[in-house]
Amino acid sequence: MDFSQVSWPEIGQATLDTLDMLGLSALFTFLVGLPLGIVLYLTSKGALLQNRPFYAAVSLVINVLRSFPFVILMIAVIPLTRLLVGTSLGVRGSIPPLVIAAAPFFARLVETSLREVDRGVIEAAQSMGASYRQIVWKVLLPESLPGLLAGITITTVTLVSYTAMSGLIGGGGLGDLAIRYGYQRFEKEVMIVTVVILIALVQILQMIGDKLVQRFSRR
Amino acid sequence: MIRLEGITKHYDTGSRRVTALSGIDLAVAKGEIFGVIGHSGAGKSTLLRSINLLERPTSGRVIVDGTDLTALGTKQLQEQRRKIGMIFQHFNLLSSATVEDNIAFPLKLAKTPKADIRRKVSELLELTGLTEHRFKYPSQLSGGQKQRVGIARALAADPQVLLCDEATSALDPQTTNSILSLLLDINERFGLTIVLITHEMHVIRSICDRVAVIHEGTLVEQGRVVDVFLKPQHPVTLEFVEQVSDPVELPPAADLAARLLKITFLGERTYEPILSKAVQATGVTFSILQGTISKLKQVPYGQLVVKLEGDGAAIERTIETLRADGLDVEVA
């Protein structure tokens with residue numbers, strides 16, 4: 001094996017692109033997924049704003065999006081991607097499909113975490129005259145913080161593998177490099193280097209996530 | 001202070017309709033400790049939750065401190081709820097907040113200035129004996145300490161009413177007593193009106209002024225604790241009374257030369273030698289067949305079943321003397 005042939009500047013650039021994609025897509029995933037998860041929770045059966053038709057409709061859309069294999073979703077949303085960011089290529093072009101794939105997933109994780117919050121605590125807050133907004137901000141979110149952090153970690157790690165896949169449609173980043181050099185040109189060294197970087201990335205993210213969860217667990 | 005008028009609550013579960021409460025009328029005076037006792041499923045929890053409308057009754061009116069809560073909109077109701085503190089069987093503290101922050105919670109909801117919050121929280125920590133635990137999280141506290149945090153939190157917004165939902169049911173007997181005496185102390189110190197629900201007669205006997213017995217969604221008996229406790233009318237009430245003391249029952253009369261009496265003493269009279277003075281004057285003899293002497297809240301009481309033996313006329317005179325002394329005497 002000869003790693004001297006590997007173009008390190010190119011690897012460096014691809015790593016930065018991956019981090020760029022990951023950061024932006026994670027940010028938008030959380031911005032979309034968190035409110036969506038809160039709405040799902042609030043309108044679910046037995047919750048504060050129970051609304052069964054609404055819940056069923058949102059739930060269906062989420063399930064549909066989650067059933068799509070990412071590779072297919074990525075291609076299917078190209079027109080929408082062009083509309084949103086003007087291109088379907090590069091880091092920018094990869095953000096919409098990544099968010100569309102990950103946000104419903106994250107919303108479900110948020111819903112599940114919120115459901116873990118003790119009903120009694122919510123009732124206590126209501127008895128103290130808390131408004132719905134206060135219940136969300138001062139009870140639900142702080143009480144479910146460890147679960148939310150775990151959800152953020154899982155979602156980010158999932159996004160790492162999605163960003164690699166987006167290389168298939170010219171998304172750039174480490175996945176793109178692995179496909180072009182490693183797969184199409186049989187340069188297995190490049191393949192190995194990218195995979196190792198991705199593994200390291202996942203390890204680091206998971207470690208940070210676990211630490212944060214631990215830091216905020218009070219049970 | 002609190003008036004419930006014709007409270008009825010139905011739950012519709014699919015095709016079946018379950019009636020949790022039917023036609024409840026209740027009035028709680030300012031500054032009193034009012035207990036509602038009932039078995040689980042009797043509707044006591046629903047009754048308590050309808051006072052602050054955590055459960056909205058199907059029909060009826062809830063009036064707290066002159067305001068008809070059932071007529072209010074969401075915003076105004078949230079405003080009114082701040083005047084009604086509540087504590088819970090499972091404490092329901094924020095696990096992600098320290099003792100201090102839990103107590104400050106209702107004040108933060110009401111957007112109270114920081115300096116006022118700090119002062120109030122310190123006062124409450126002192127009152128509930130939690131000062132040294134102020135930076136701990138609920139998971140680091142014992143059950144009794146958690147309930148103290150619950151009480152401090154409920155008092156933070158200076159409520160006029162405190163609702164207690166089985167507040168001592170998850171605690172051991174010793175801790176139960178310390179929580180009960182804290183509640184009594186608060187009631188006396190601040191003139192706070194307390195409504196509590198429980199399935200333990202011990203709780204009613206220790207701190208309540210008046211009691212209502214709830215059974216299958218209706219109040220089957222209510223009145224002063226002494227009256228309900230000493231003369232239970234409904235079979236369910238009797239069951240509860242038997243939790244804390246053997247029933248003192250008057251057996252049927254046996255022979256003619258003797259009379260069986262059930263004598264009830266109340267208050268300071270309990271400790272006076274009334275019976276012994278009466279028999280000395282009339283010359284009859286007595287033997288105690290059964291009896292109990294204890295306290296209700298701080299009021300001593302006694303119930304004795306005695307057999308009087310002697311001359312028939314002397315026995316009659318003894319009974320009259322006892323009655324003239326203000327004792328409650330039942331003759332078999």
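Below is a table of values for the structure above.
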{"read-out": "Flag if B:V228 is more than 30 Å from B:D311 (Cβ to Cβ) and part of a strand (DSSP E or B)", "value": "no"}
{"read-out": "Test: A:I95 is aliphatic (A, V, I, L, M) and within 22 Å of A:L149 (Cα to Cα)", "value": "yes"}
{"read-out": "B:E188 farther than 12 Å from B:G31 by Cα and either at pLDDT below 95 or part of a strand (DSSP E or B) (or both)", "value": "no"}
{"read-out": "Answer residue from the range A:1-37, given it is open to solvent by 40 Å² or more (accessible area, probe 1.4 Å) and among the hydroxyl-bearing types (S, T, Y) and is nearest to A:T163 (Cα to Cα) among those", "value": "A:S7"}
{"read-out": "Condition check for B:G23: touching a residue at least 12 places away in the same chain (Cβ under 8 Å), surrounded by 15 or more Cβ atoms within 10 Å (Cβ to Cβ) and farther than 23 Å from B:E79 by Cα", "value": "no"}
{"read-out": "In the range B:74-127, residue modelled with the highest pLDDT [restricted to those that are part of a helix (DSSP H, G or I), open to solvent by 10 Å² or more (accessible area, probe 1.4 Å) and of a type in the set (V, I, T)]", "value": "B:I117"}
{"read-out": "Output for the range B:286-327, where each listed residue is in a helix (DSSP H, G or I), in contact with a strand residue (DSSP E or B) (Cβ under 7 Å, 6 or more places away or on another chain) and hydroxyl-bearing (S, T, Y)", "value": "B:T318"}
{"read-out": "Residue within the range B:130-138 that is without any contact (Cβ under 8 Å) to a residue 12 or more places away in the chain and either away from every other protein chain (no Cβ under 11 Å) or under 29 Å from B:K44 (Cβ atoms) (or both) present", "value": "yes"}
{"read-out": "Any hit, the range B:107-115, residues being under 21 Å from B:I194 (Cβ atoms) and of a type in the set (S, T, Y)", "value": "no"}
{"read-out": "Subset tally (residues that are in contact (Cβ under 8 Å) with a residue 60 or more places away in the chain and assigned to a helix (DSSP H, G or I)) for the range A:79-91", "value": "2"}
{"read-out": "Residue match in the range B:192-212 (condition: open to solvent by 30 Å² or more (accessible area, probe 1.4 Å), touching a Pro at 6+ places or on another chain (Cβ under 9 Å), over 15 Å from B:K30 (Cα atoms) and not in a loop (DSSP other than H, G, I, E, B))", "value": "yes"}
{"read-out": "Among residues of the range B:36-59, those that are surrounded by fewer than 19 Cβ atoms within 10 Å (Cβ to Cβ), in contact with a strand residue (DSSP E or B) (Cβ under 9 Å, 6 or more places away or on another chain) and hydroxyl-bearing (S, T, Y), counted", "value": "2"}
{"read-out": "Residue count, the range B:230-251 (criterion: surrounded by fewer than 17 Cβ atoms within 10 Å (Cβ to Cβ), in contact with a strand residue (DSSP E or B) (Cβ under 8 Å, 6 or more places away or on another chain) and farther than 21 Å from B:S294 by Cβ)", "value": "2"}
{"read-out": "Odd one out for B:S206, checked against (1) in contact with a helix residue (DSSP H, G or I) (Cβ under 7 Å, 6 or more places away or on another chain); (2) under 30 Å from A:R218 (Cβ atoms); (3) small (G, A, S)", "value": "(2)"}
{"read-out": "Sole exception among (1) assigned to a loop (DSSP other than H, G, I, E, B); (2) of a type in the set (A, V, I, L, M); (3) away from every other protein chain (no Cβ under 13 Å) for B:L180, by number", "value": "(1)"}
{"read-out": "Verdict on A:V196 being free of Cβ contacts under 8 Å to residues at least 24 places away in the same chain, over 24 Å from A:I100 (Cβ atoms) and among the β-branched types (V, I, T)", "value": "yes"}
{"read-out": "Helices (runs of 4 or more DSSP H) lying entirely in the range A:92-209 (those with 1 or more residues that are surrounded by fewer than 19 Cβ atoms within 10 Å (Cβ to Cβ) and more than 14 Å from every other protein chain (Cβ to nearest Cβ))", "value": "A:145-165"}
{"read-out": "Checklist (1) among the basic types (K, R); (2) at pLDDT 85 or above; (3) open to solvent by 40 Å² or more (accessible area, probe 1.4 Å) applied to B:K262, failing item", "value": "(3)"}
{"read-out": "Residues of the range B:30-73 classified as part of a loop (DSSP other than H, G, I, E, B) and away from chain A (no Cβ under 14 Å), total", "value": "13"}
{"read-out": "Selection from the range B:128-154 of residues that are assigned to a helix (DSSP H, G or I), open to solvent by less than 10 Å² (accessible area, probe 1.4 Å) and of a type in the set (S, T, Y)", "value": "none"}
{"read-out": "Residue pairs meeting the criteria (Cβ under 6 Å; at least 6 apart or on separate chains; first more than 11 Å from every other protein chain (Cβ to nearest Cβ) and over 21 Å from B:E32 (Cβ atoms), in the range B:152-172; second surrounded by fewer than 20 Cβ atoms within 10 Å (Cβ to Cβ) and not small (G, A, S))", "value": "B:S169/B:Q89; B:A170/B:Q89"}
{"read-out": "Residue in the range B:221-229 that is open to solvent by 20 Å² or more (accessible area, probe 1.4 Å), closer than 26 Å to B:A152 by Cβ and of a type outside the set (S, T, Y) present", "value": "no"}
{"read-out": "Test result for B:L266, outside the structural domain of B:V195 (by TED's automatic domain parsing), in contact (Cβ under 8 Å) with a residue 24 or more places away in the chain and touching a Phe, Trp or Tyr at 6+ places or on another chain (Cβ under 6 Å)", "value": "yes"}
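The values are calculated or read from the model by the stated rules, or taken from the named source; none is laboratory data. Given the structure is predicted, the values throughout are model-derived calculations rather than measurements. Every residue, glycine among them, receives a Cβ derived from its backbone with ideal geometry; neighbour counts consider all protein chains shown. For accessibility, only protein heavy atoms count, side chains too; no ligands or nucleic acids. Shrake-Rupley method; radii C 1.70, N 1.55, O 1.52, S 1.80 Å.
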